[in-house]
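**Q** One structure is given below, represented as structure tokens, and several questions about it will come after.
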Amino acid sequence: MKTEELRLLFEQMTLEEKIGQLAQTTGNCLVDDIGAENAVTGPDMDLEGLTESRRYMVGSVLGVSSAKEINRIQKKLLDNSRLGIPLLFMHDCIHGYRTIYPIPLALSCSFDRELVKAAGAHTAEEMRASGIHVDFSPMTDLVRDPRWGRVMEAFGEDHKLSGEMGKAMIEGYQQSEDGSIGKNGVAACLKHFAGYGAPEGGKDYASVDMSLKEFFGYYAVPYEISLQAKPRFVMSSFNSFNGEPVTGSRFMLKDVLRERFGFEHILISDWGAVEELKNHGVVADDREAAMAALEAGVDIEMVSTTYMKHGEQIINDSPELQKQVDDAVWKILCLKNELGLFENPYVDEAKEAEVIMSEKMRTFAKEAAVKSAVLLKNDNILPVSKEVKEVVVLGKFATTGELLGNWLCKGEFSETVSVTEGLKQLLPNAHIEAYERIEDCGREKIESSDLVLVTIGEEWNLSGEAHSSANIELEAEQQEMIRRIRAVRKDFVCVAFAGRPLALESVIDEIPALLWCWFPGTMAGAAVAELVLGDAVPCGKLTMSFPRTTAQIPVRYNQYRCGRPASDQLYSSKYQDIEDGALFPFGYGLSYGDVAYGQAEISSDVITDENGIEISLKLTNESSYDKEEIVILYMEDPVSGNVRPVREMLQYKKVALKASEQKEVLFKVYAEELKYMNSALQKVLEPGTIRFYINDLETPVAEVIYKNRVGGK
Ligand code: BGC
């Protein structure tokens, strides 16, 4: 539709119809009997007091899938609406739609922007084929506490990495870099703005309290970087931030999101979050809740109905809000128009089956699963020879397809390759037996088999939204299984599935080889088999530190310096009953075969605001594997005006190296990225020494002097 026609349509809208566009409902409010397989269940819209005609004014529906259901709902609405404004359909496709890719935390361990972008693009293609237009993803909440169940949806503990991964994913979803929606793209919704990843005690939905220095220096950075990709939506978060529930916070949503970060598109609340302002205790009733959210600039209210019930009255009483409502409605209409919904509101049901779970999607799912795995331990056990004849697979994940992780959307366990199936495909001549319980296997088989592969971890539904845990140790039963196997043989392989880092201190010494696969998705078992048998090489590195025990949380690579850093001294900052530092820190990950790192060269020992420096080094693949090497550059600012973290990641590169190949890696570093946010909320860098580290956080590879414009010290 031409913009002028759209304008004419807009001008015909009553205030009631405009408010309708700002309301989002579940599919059940418009049609009956959507099967559970095609709709997410949750508290439905409270329709009390709403006339039926109002229902047909809503602007969007969430959580419904399948082309047939979507067309049915669209038709019902269009048949009953005065102006025939089609619905937008939105869904949470966090790591795939029907074909499921590794959970976002796993994807981030690939340190591979292209892979993450491709995960977004593949997801979008399946969504569009089903008729969905908006994805409530990515979540770039910075996470430091693995007790929080939603770390699985995040990109780890580093703010820059999280931002870059979020940005890549948005570019993949929208299939553009300029905010337009490509042919098979969907609109991305960046969430949850802001600070949702730092709930007190790691308990979902709990309050967030932190200094603004911490917020702007770290927690806000992933959103800021992601916004460069121009997501068409941002979702406000459930939490309160420094005493203000975000969904009603003018500071957070207007001053920070709109003004400071320049977000111009559509702001949607989280599920029921407008109504929940009452539970936060900052408003007395629904009317006040609607007023607070409107004043904070929330465009669309998800599921709760305070806008529908009180919006008109509020605008009549506060006409200054009319423009905001008009702007919001106009943006929503423009997006519908850009998606071509006025011309064709329906999706081609015949095409859906061609796109969904196609060979292309499955092939990509395997690649992504391989690249997201992290090898945490290997006492010369992996890879295992393909000559093995007798194989035993043990543990609760041995034969199950439940390897998709939470937010599995339309993923089906029955369509997921299990570990045993994956091994059978690659070892057609081996005799493979699988037992969930060690008791059913018997000692003799464990002793005499050529390969004992033990699956461990945490079930898929123990992480994700509303799945925080007070204890993240590996289950006692599984620890016992590992000890029993160890008593019989020293060479076995553990493959782990989990949506969060687990605390493994008490059992790690008993495990000779540990491949951490997170939740790998549809092709899980195929990827595991390739990695274990050496057809693929593990190359991922952790993006979230593994604490030794739950009580050690938070533990992260970029903790602040302190006056008495951990040491052998009694009066130093540590726990007396465990070793200091993470069991496996950010950036940790083993591989097969060695890559030699040459001496780093630095182009100058002075860096200024005008002139950056280059750090280069040679990598030599000394192994017979073709592989990818993740090279991470960190900095240390030994003397600064405010306390800074001990190390900070600056950049990373992923280098493909054929067997025996040598390549040069080059980092260009500019003074701007060495700066930090000080307590006056300014980005600064005092003149002086900066040290650089590559992968290893102990030994610097180079050092420069930063001289500011006036000469410095
Ligand atoms: C979650 C969001 C999600 C929304 C819609 C909420 O409970 O916090 O991340 O997008 O539901 O399903």
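Every number in this text was worked out from the coordinates using simple rules, so none of it is lab data. On a predicted model such as this, the values are computed, not experimentally measured, just so you know. We place every Cβ from the backbone using ideal geometry, glycine too, and count neighbours over all the protein chains shown.
**Q** Mind pulling up the Rg/Rh value for the range 397-509? Radius of gyration and Kirkwood radius, both on Cα.
**A** Here Rg/Rh amounts to 0.98.
**Q** Ok, one more. No solvent, one uniform scatterer per C-alpha: report log10 I(q)/I(0) for the range 181-256 via the Debye equation at q = 0.13, 0.15, 0.22 1/Å, two decimals.
**A** Log-scaled intensity ratios, in q order: -0.40, -0.52, -1.00.
**Q** Choose one of GLY340, VAL374, TRP330: the residue whose Cα lies farthest towards the positive end of the charge dipole of the range 323-391 (beta-carbon charges +1 Lys, Arg; -1 Asp, Glu; about the Cα centre).
**A** Farthest along the dipole direction, towards plus: VAL374.
**Q** I would also like to ask the following. Taking only Cα atoms of the range 459-528, what ratio of Rg to Rh do you get with Rh as the Kirkwood inverse-distance radius?
**A** 0.99
**Q** Can you give the log10 of the normalised intensity I(q)/I(0) at q = 0.20 Å⁻¹, computed with Debye over equal Cα scatterers of the range 109-223?
**A** Ignoring solvent entirely, the Cα scatterers give -1.00.
**Q** A follow-up question, please. Enumerate the whole-percent occupancy of each 10 Å bin, from 0 to the last occupied one, for all C-alpha pair distances of the range 50-137.
**A** For the range 50-137, the binned pair fractions read 17, 40, 24, 14, 6, 0 percent.
**Q** Can you give the charge dipole size of the chain about its Cα centre, rounded to the nearest 20 debye, using +1 on the beta carbon of Lys and Arg and -1 on the beta carbon of Asp and Glu?
**A** About 1020 debye.
**Q** So which chymotrypsin sites (Phe, Trp or Tyr not before Pro) in the range 343-400 pass both tests, a DSSP loop state and at most 15 other Cβ atoms within 10 Å of the Cβ?
**A** TYR346
**Q** Sort LEU83, LEU277 so that the residue with the fewest other Cβ atoms within 10 Å of its own Cβ comes first and the one with the most comes last.
**A** LEU83, LEU277
**Q** Give the percent of DSSP beta bridges with both residues in the chain that are antiparallel, rounded to the nearest 5.
**A** Rounded to the nearest five, the antiparallel share is 50 percent.
**Q** Go through 412-419, 193-200 and give me the packing order, highest mean Cβ count within 10 Å leading.
**A** Final packing ranking: 193-200, 412-419.
**Q** Related question: Defining a contact as two alpha carbons under 8 Å apart and six or more residues distant in sequence, what relative contact order in percent does the range 1-119 show?
**A** 23 percent
**Q** Also, quick follow-up: More than 27 angstrom separation, counting every C-alpha pair in the range 1-157; what % is that?
**A** Here the tail beyond 27 Å accounts for 37 percent of pairs.
**Q** Then there's this: Which of LEU6, SER81, THR51 sits closest to the plus end of the dipole of the range 1-135, meaning its Cα is farthest towards the positive end, when Lys and Arg get +1 and Asp and Glu get -1 on the C-beta?
**A** LEU6
**Q** Thinking of the range 167-210 as a set of Cα atoms, what percent of all their pairs are more than 13 Å apart?
**A** 59 percent
**Q** So what does log10 I(q)/I(0) come out to for the range 584-713 at q = 0.15, 0.23 Å⁻¹, using the Debye formula with one equal point on every Cα and no solvent?
**A** The Debye formula, applied to the Cα set alone, gives -0.74, -1.38.
**Q** In terms of the ratio Rg/(2.2 N^0.38 Å) built on C-alpha atoms, what value belongs to the range 198-338?
**A** Normalised by 2.2 N^0.38 Å, the Cα Rg of the range 198-338 equals 1.04.
**Q** Starting with the fewest neighbours, write out THR3, THR689 ranked by other beta-carbon atoms found within 10 Å of each beta-carbon.
**A** Neighbour counts put them in this order, fewest first: THR3, THR689.
**Q** Compute and list, largest first, the equivalent-ellipsoid semi-axes of the range 104-161 from the alpha carbon gyration tensor, each √(5λ) rounded to a whole angstrom.
**A** So the equivalent ellipsoid measures 23, 14, 8 Å along its semi-axes.
**Q** Another question about this same structure. I need two numbers for the range 63-106: Rg to one decimal and Dmax as a whole number, Cα atoms only, in Å.
**A** Looking at the range 63-106, its Cα Rg and Dmax stand at 14.5, 47 Å.
**Q** Please give every one of the lysines within straight-line cross-link reach of LYS396, meaning a C-alpha to C-alpha distance under 26 Å, and leave out same-chain neighbours fewer than 8 residues apart.
**A** LYS366, LYS371, LYS377, LYS386, LYS410, LYS424, LYS445, LYS490, LYS541
**Q** Right, another one. Let me spell out the model: positive unit charges on the Cβ of Lys and Arg, negative unit charges on the Cβ of Asp and Glu, origin at the Cα centre of the range 160-304. What dipole size does that give, in debye rounded to 20?
**A** The dipole magnitude comes to about 380 debye.
**Q** Which of the chymotrypsin sites (Phe, Trp or Tyr not before Pro) found in the range 632-705 are loop residues per DSSP with 11 or fewer other Cβ atoms within 10 Å of their Cβ?
**A** Hits after loop and neighbour filter: nothing returned.
**Q** In deg cm²/dmol, rounded to 500, what helix-only [θ] at 222 nm does the chain give when every DSSP H run of at least 4 residues adds -39500 (n - 2.57) and the total is split over its residues?
**A** -7500 deg cm²/dmol
**Q** Given the peptides 262-269, 366-373, arrange them by the average over their residues of other C-beta atoms within 10 Å, most packed first.
**A** So the order, starting with the most tightly packed, is 366-373, 262-269.
**Q** Could you state the per residue volume, in Å³, of the convex hull enclosing the Cα atoms of the range 334-473?
**A** Considering the Cα atoms of the range 334-473, their hull volume per residue is 191 Å³.
**Q** With an 8 Å cut-off on Cα pairs and a minimum separation of 6 or more residues, tell me the relative contact order of the range 358-458 in percent.
**A** 38 percent
**Q** Take the Cα atoms of the range 487-612, build their convex hull, and give its volume per residue in Å³.
**A** About 225 Å³ per residue, rounded to a whole number.
**Q** Whole Å is fine, so just give me how far the alpha carbon centre of the range 172-186 lies from that of the range 408-446.
**A** For the range 172-186 versus the range 408-446, the Cα centre distance is 39 Å.
**Q** On to the next question. Among LEU294, PRO102, THR543, which residue has its Cα positioned farthest towards the positive end of the charge dipole of the chain, with +1 placed on the Cβ of Lys and Arg, -1 on the Cβ of Asp and Glu, and the dipole taken about the Cα centre?
**A** Highest projection toward the positive end goes to THR543.
**Q** Figure the gain on full extension for SER567 and ALA350 (residue separation times 0.36 nm, minus the Cα-Cα span) and round it to one decimal in nm.
**A** 71.6 nm
**Q** What size of dipole, in debye to the nearest 20, comes out for the range 7-132 about its Cα centre when the only charges are +1 on Lys and Arg C-beta atoms and -1 on Asp and Glu C-beta atoms?
**A** So the magnitude is around 400 debye.
**Q** Another question, then. Which distance in nm do the two modelled labels at ASP209 and GLN12 give, with both placed 7 Å along the Cα-to-Cβ direction?
**A** 5.4 nm
**Q** From the P(r) of the range 567-645, could you give the percentage of C-alpha pairs in the tail past 20 Å?
**A** 62 percent
**Q** Moving to a separate point now. Write down Rg/Rh for the chain, rounded to two decimals, with Rg from the C-alpha atoms and Rh from the Kirkwood relation over Cα pairs.
**A** Computed over Cα atoms, the ratio is 0.98.
**Q** Would you list which lysines come within 16 Å of LYS360, measuring only between C-alpha atoms, while excluding same-chain residues fewer than 8 positions from it?
**A** Cross-link targets: LYS117, LYS351.
**Q** In the range 254-347, what is the count of Lys pairs whose alpha carbons are under 21 Å apart, counting only pairs at least 8 residues apart or on separate chains?
**A** Eligible lysine pairs with Cα atoms under 21 Å apart amount to 7.
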